[in-house]
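Here's the structure, in structure tokens; my notes come after.
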Amino acid sequence: MTIKQSQMALDISLRDKVCFDSFVTGHNAELEQHLIRVAEGKEVLAPLFIWGESGGGKSHLLNSCYLLAEENRQSPWFVSLSDLPAEKGSEAILSDLGDYDIYLIDGLDTIAGMAGWEERLFQLCNLARDRDKSIIISAIKPPTSLDLGLRDLVTRLMSGLTYQVLPLGDEQKITALQERASDRGFEISEEAVKFILNRHRRETGNLFKILDQIDRASLEQKRLITIPFLRSLELE
């Protein structure tokens, strides 16, 4: 797989125009500041491992780091492993990556237990360390809880900083949904947001997906977002 194809993976993952300003920090301020400093070229972390529930903001943070790094004339490289095919040989995307300042790898759990991928990632971690470059990796679990077969990789991933992306509380989720709605040019009441929270999975990513569905339905039906309107929708 070529570097051009890896850039396509980035395009797939940047489903929204994400940035640190649109990330609801909650209890993740220290982690966010590390990522900002890396993107600004003020800090090198090799590695920085972040983990947390699916839809909890890991991809948002990595994509934000990528975009801010570009703005600061850094040379970042990003791949979302969950967007790539799992066939044999696809791990070659992690080869010949010596010309970047920051390596951002989202979704390590996707390839856990795949020997070829694990070996290439271990080599990339060593390359980043030897060249004093940052490598930031995310997964749904910490390294010791993933089904990684290469113990040297586990040791390397644990040799740097590890942060859990802590989930938002209900009040923070209400704020996040209302701010996201405002960014898209519509308003949603606190009552309506609480209605959503009480009837759907509460992972932040899932709630944002639900909000996007509500926005589209409201535009199509030309209706205000009220409780009766929400009751009428068949949301996934």
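Tabulated data for the structure shown
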quantity: Cα gyration tensor shape for region 137-191, rounded if a/c is under 1.5, else prolate or oblate; calculated: prolate
quantity: Tilt relative to the chain, helix 170-183 - C-alpha long axis, 0 to 90 degrees, to 10; calculated: 80 degrees
quantity: Listed residue pairs exceeding 27 Å between alpha carbons, taken from LYS58/LYS209; LYS42/LYS209; LYS58/LYS222; LYS42/LYS173; calculated: LYS42/LYS209; LYS58/LYS222; LYS42/LYS173
quantity: Cβ-based net charge around ILE225, under 11 Å, with every Lys or Arg adding one and every Asp or Glu removing one; calculated: -2
quantity: Dipole-positive endmost among LEU84, LEU62, GLY113 within region 3-164 (Cβ charges, Cα centre); calculated: GLY113
quantity: Net charge over other residues, Cβ less than 10 angstrom from the Cβ of ILE111 (K, R count +1; D, E count -1); calculated: -2
quantity: Region 193-221 and region 113-182: distance between their alpha carbon centers, rounded to Å; calculated: 28 Å
quantity: Helix-derived mean residue ellipticity, 222 nm - over the chain, DSSP H n ≥ 4, -39500 (n - 2.57), to 500; calculated: -13500 deg cm²/dmol
quantity: Tensor-based shape of region 44-122 (alpha-carbon gyration tensor, a/c under 1.5 rounded, otherwise prolate or oblate); calculated: oblate
quantity: Backbone HN-Hα couplings from phi across region 48-64 [Karplus 6.51/-1.76/1.60, Hz, Gly and Pro as x]; calculated: 10, 10, 10, 9, x, 4, 4, x, x, x, 4, 5, 4, 5, 5, 5, 5
quantity: 0 to 90° range, to nearest 10: angle between helix 29-39 axis and the chain longest Cα axis; calculated: 60 degrees
quantity: Helix axis angle, 3-13 relative to the chain longest principal axis, alpha carbon, degrees; calculated: 30 degrees
quantity: Fewest-first ranking of ILE188, ILE214, using other Cβ atoms within 10 Å as the exposure measure; calculated: ILE214, ILE188
quantity: Rounded, prolate or oblate (a/c below 1.5 giving rounded, otherwise prolate when a/b exceeds b/c) for the chain by Cα gyration tensor; calculated: prolate
quantity: Where GluC sites (Glu not before Pro) fall in DSSP loop in region 67-131, at most 14 other Cβ within 10 Å; calculated: GLU87
quantity: Low-density loop positions, trypsin sites (Lys or Arg not before Pro), region 32-134 - DSSP coil, at most 13 other Cβ in 10 Å; calculated: LYS42, ARG73, LYS88, ARG131
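None of the figures in this text is laboratory data; all of them are computed from the coordinates on show. Predicted, not measured: the structure shown is a model, and the values here were computed from it. So basically every Cβ, Gly included, is an ideal-geometry build from the backbone, and we count neighbours across all protein chains shown.
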